[in-house]
Amino acid sequence: MTALDAGPVGALRIAPSILAADFGSLANAVAEIDEETDWLHVDVMDGHFVPNVSIGPPVVKSLRRYSTRYFDCHLMLSEPGRYLGAFADAGADGCTVHVEVGDTAALIAQARELDLRVGLAANPDTDFAAVEPFLADIDLLLLMTVFPGFGGQSFIADVMDKVRTARRVVTERSLALDIEVDGGIDERTAPIAVAAGANVLVAGSAIFNRTDPLGAARDLRAAAGGR
Ligand code: DX5
Ligand code: ZN
């Protein structure tokens, strides 16, 4: 399957996280917000890298039939290399692995080989120095604004220093790299993250836990300075 186009690098992107959606009615939940969805963020948890389990390739494959959006898969897995092929086959467009699991260069090469867009994620307490050597080889840097594992947590504002550093380095080196933030993003925190240099905003609770998810996604985009 050919990966979908992610759109212009650096442009504002709203990426609803389906982790907060009703899993019993996922296709409907995704359809409801489609108009305001740039990327669909898929949180994959293994109960090992993070203390929670969520979904895997079969759900991506099923959902693929109901959405033409770019699937941004966030692999919170201790051994992502075992599953990258399955995600590519299932219809993932981009896969993000965590730098904390190691083997980063090999994982990036493996994802490239599968024609996936490649992301590298860092937890809130992981230094920028850990991801810096890989910036020229990836398409997306995900700077977690909560400790991964659960939706509905509070935004960790201290991570904004790292976002600013990342944006400065991307600009200085003219890198074609998206900077994504994930965790506790809502109408209040989105403008803070964008001002620091993030351009992809993941939001779960702030979209799906609202009575009007489509309106919430629209409000989030407006708060972030989008149309
Ligand atoms: C956390 C996940 C996030 C999470 C965001 O482990 O990576 O994508 O679903 O949820 P909210 O927006 O509720 O913080
Ligand atoms: Zn995520």
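Some points to look at:
- Of residues in region 176-188 being among the aliphatic types (A, V, I, L, M) and buried (at least 18 other Cβ atoms within 10 Å of the Cβ), the one nearest to the chain's Cα centre (by Cα): Val181
- Restricting region 132-155 to residues that are more than 14 Å from ligand 2 (Cβ to nearest atom) and not aromatic (Phe, Trp, Tyr) leaves a set whose member that is surrounded by the most Cβ atoms within 10 Å (Cβ to Cβ) is Ile138.
- Pairing each residue of region 144-171 that is touching a residue at least 60 places away in the same chain (Cβ under 8 Å) with any residue that is within 14 Å of ligand 2 (Cβ to nearest atom) and among the small types (Gly, Ala, Ser), provided the two are 6+ apart or on different chains, yields C-beta distances under 6 Å for Gly151/Ala20; Gly151/Gly204; Gly151/Ser205; Gly152/Ser205.
- Residue satisfying all of: in region 29-61; open to solvent by 40 Å² or more (accessible area, probe 1.4 Å) and in contact with a helix residue (DSSP H, G or I) (Cβ under 8 Å, 6 or more places away or on another chain); nearest to Thr211 (Cα to Cα) among these: Glu32
- Test: residue in region 189-209 that is open to solvent by 10 Å² or more (accessible area, probe 1.4 Å), away from ligand 1 (no atom under 16 Å from the Cβ) and among the hydrophobic types (A, V, I, L, M, F, W, C): yes
- Scanning region 156-166 for residues being within 16 Å of ligand 2 (Cβ to nearest atom) and either modelled with pLDDT under 95 or open to solvent by 10 Å² or more (accessible area, probe 1.4 Å) (or both) gives a total of 1.
- When the test is whether a residue is assigned to a helix (DSSP H, G or I) and among the aromatic types (Phe, Trp, Tyr), Phe147 does not pass it.
- For region 50-141, the helices (runs of 4 or more DSSP H) that sit wholly inside it and include 1 or more residues that are of a type in the set (Asp, Glu) are 84-90, 104-113.
The values are calculated or read from the model by the stated rules, or taken from the named source; none is laboratory data. Note that the structure is predicted; figures quoted are calculated from it, not measured. With ideal geometry, Cβ positions are generated from the backbone for all residues, glycine too; neighbour counts draw on all protein chains shown. Ligands, DNA and RNA are stripped out before the accessible areas are found, and what is left, the full protein with its side chains, is counted by its heavy atoms. Shrake-Rupley method; radii C 1.70, N 1.55, O 1.52, S 1.80 Å.
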